[in-house]
Amino acid sequence: MRTARLLSSSSIAALATLVVPALCIANANAAEQIVRHRNPAHMTEPWAREFAEVIEIPANAQLLVLSGVGPTVANASAPPDTAASYGDTATQTRSVLGQIERILQDRGYRMGDIVSMQALIVADPAAGKPDFTGFSSAYKQYFGTDKQPNVPVRTRAEVLRLVPPGWLVEVTVMASRVPSRRAR
């Protein structure tokens with residue numbers, strides 16, 4: 001036969017002083033993380049895997065906002081301020097993302113810390129339309145890989161032109177990270 005034991009109100013209070021703070025700490029630790037929500041499974045287009053639908057950033061996170069970054073000259077022998085001097089869309093995107101990676105590293109961030117990206121893309125003069133495939137091929141070298149699985153929320157937009165002439169790609173990003181407990 002089992003015997004039921006009643007806890008006194010002081011025992012319950014003592015137990016609550018142990019359990020409630022533990023639950024609060026566990027909840028606070030969960031709330032201190034950046035949470036990335038991928039696009040829903042019903043979005044079957046290949047490009048839908050390249051970015052997140054929503055990213056939640058906790059109040060204790062640090063935020064770094066970068067200005068628009070354009071490509072560097074890829075072919076100095078080409079006429080200046082032309083797409084030929086900066087390269088095609090894929091080449092320009094790799095240049096831009098490489099520069100962003102260096103800017104982030106200089107400030108202690110990584111590409112996986114990027115939470116938001118806006119990409120402005122001009123029509124490739126050779127094709128007469130934006131090369132979103134070229135953009136994606138370079139982008140996928142930095143995001144959603146085995147080495148760096150994080151993807152940001154992202155907007156790609158076709159624009160008429162960028163400054164200076166010849167740029168086909170300009171990217172603006174925001175990066176966020178939660179400081180480690182040791183760093184506090």
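The values are calculated or read from the model by the stated rules, or taken from the named source; none is laboratory data. It should be emphasised that the depicted structure is a prediction, and the values quoted were computed from it without experimental measurement. When we count neighbours, we look across all protein chains shown, and the Cβ atoms used for this are built from the backbone with ideal geometry, even at glycine.
From the list TYR139, TYR86, pick out the single residue that is farther than 23 Å from GLU56 by Cα, of a type in the set (Ser, Thr, Tyr) and either in contact with a Pro (Cβ under 6 Å, 6 or more places away or on another chain) or crowded, with 17+ Cβ neighbours inside 10 Å (or both).
TYR86
Just a yes or no: is a residue in region 161-174 touching a strand residue (DSSP E or B) at 6+ places or on another chain (Cβ under 6 Å), surrounded by fewer than 20 Cβ atoms within 10 Å (Cβ to Cβ) and under 30 Å from ALA59 (Cβ atoms)?
Yes: region 161-174 contains one or more residues that are touching a strand residue (DSSP E or B) at 6+ places or on another chain (Cβ under 6 Å), surrounded by fewer than 20 Cβ atoms within 10 Å (Cβ to Cβ) and under 30 Å from ALA59 (Cβ atoms).
Would you check which residues across region 34-60 are surrounded by 14 or more Cβ atoms within 10 Å (Cβ to Cβ), of a type in the set (A, V, I, L, M) and within 14 Å of the chain's Cα centre (by Cα) and list them?
Within region 34-60, ILE34, ALA52, ILE55, ILE57 meet the criteria.
Hey, could you check region 153-180 for residues that are of a type in the set (D, E, K, R) and farther than 17 Å from LEU97 by Cα and say which is farthest from the chain's Cα centre (by Cα)?
Checked region 153-180; the qualifying residue farthest from the chain's Cα centre (by Cα) is ARG161.
Looking only at region 123-159, count every residue that is farther than 27 Å from ARG177 by Cβ, aliphatic (A, V, I, L, M) and at pLDDT 95 or above and tell me the total.
2
Please determine, by comparing only the residues of region 101-135 that are under 15 Å from ARG161 (Cα atoms) and of a type in the set (D, E, K, R), which one is surrounded by the fewest Cβ atoms within 10 Å (Cβ to Cβ).
Within region 101-135, the match that is surrounded by the fewest Cβ atoms within 10 Å (Cβ to Cβ) is LYS129.
Got a number for residues in region 172-184 being at pLDDT 95 or above and in a loop (DSSP other than H, G, I, E, B)?
1
Here's a check for you: in region 151-171, which residue that is part of a strand (DSSP E or B) and aliphatic (A, V, I, L, M) is farthest from THR93 (Cα to Cα)?
Taking the candidates together, the pick is VAL153.
Could you check, for region 115-125, whether at least one of its residues is out of contact with any Asp or Glu (no Cβ under 8 Å at 6 or more places or on another chain), within 12 Å of LEU168 (Cα to Cα) and not aromatic (Phe, Trp, Tyr)?
Checked region 115-125: at least one residue is out of contact with any Asp or Glu (no Cβ under 8 Å at 6 or more places or on another chain), within 12 Å of LEU168 (Cα to Cα) and not aromatic (Phe, Trp, Tyr).
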